[in-house]
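The values are calculated or read from the model by the stated rules, or taken from the named source; none is laboratory data. Since we're looking at a predicted model, the values are computed, not measured. Note that each Cβ is placed from the backbone with ideal geometry, even for glycine, and that neighbours are counted across all protein chains shown.
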Amino acid sequence: MRVYVPLTLSGLAAAHGAGEVGPGPLTAYAVTPGLREWYVSDDIEELEYAALSRAAAASLRMIAGRPEEARRRVVVAVDVPDGTAVAEPGQVLDASSLGEVRIEGAVALAAAAAVHVDADDAEKDVAAAAAALGAADLGDDDAQFTVDGADDHELLWFGIQEIPGLIG
């Protein structure tokens, strides 16, 4: 099963140094029954992209909570054995957790299929989105527009052998 683990650049550096993403439990995103029902698509690529997008949003929340963190979203795509990632009960009814799964232990970085990271030119919009997140959560439409601006930037794909260049 492919899961998408949200991180920050410093979290990616720590995972690279340790050889694993962890410790567990980890929150990740995947194509769950709730995500399938919400997205109403049978196209696995569209569903995987939706799960990746949910993880990118979670990465933005991590960044917002850490002022010292680089303003670039990071998502690691990892293949884990079936049954390793478990959706929380009641998830179908809670839109905020669609696609969310829990992994009890650390995940070997060698199991990663790819790393997705914002390009340098996204930093300004990601910084603005991180700053506006609290107001957006309280219903401010202008702040939500700013948060949505980060989604205008596609995350770039990198192989795991490229991690040293991303974190260095």
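Points to keep in mind about this one:
- Unique residue being crowded, with 19+ Cβ neighbours inside 10 Å and closer than 15 Å to residue 87 by Cβ when the list is 27, 32, 8: 32
- Filter pass, residue 114 being closer than 27 Å to residue 34 by Cα, under 16 Å from the mean Cα position of the chain (by Cα) and modelled with pLDDT of 95 or more: yes
- When each of 15, 85 is tested for being surrounded by 22 or more Cβ atoms within 10 Å (Cβ to Cβ), farther than 20 Å from residue 158 by Cα and in contact (Cβ under 8 Å) with a residue 60 or more places away in the chain, the lone residue that passes is 85.
- The condition of being in contact with a helix residue (DSSP H, G or I) (Cβ under 6 Å, 6 or more places away or on another chain) and among the polar types (S, T, N, Q) holds for residue 97.
Yes/no per residue for (1) closer than 16 Å to residue 112 by Cα; (2) among the small types (Gly, Ala, Ser); (3) at pLDDT below 95:
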site	(1), (2), (3)
4	yes, no, no
14	yes, yes, no
33	no, no, yes
37	no, no, yes
43	no, no, yes
46	no, no, yes
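- Within the stretch 1-24, the residues that satisfy the criterion of being over 18 Å from residue 168 (Cα atoms) and either within 12 Å of the chain's Cα centre (by Cα) or part of a helix (DSSP H, G or I) (or both) are 3, 4, 5, 6.
- Residue within the stretch 50-65 that is of a type outside the set (A, V, I, L, M, F, W, C), buried (at least 18 other Cβ atoms within 10 Å of the Cβ), in a loop (DSSP other than H, G, I, E, B) and modelled with pLDDT under 95 present: no
- Selection count, the stretch 66-89, where residues are in a loop (DSSP other than H, G, I, E, B) and touching a strand residue (DSSP E or B) at 6+ places or on another chain (Cβ under 8 Å): 5
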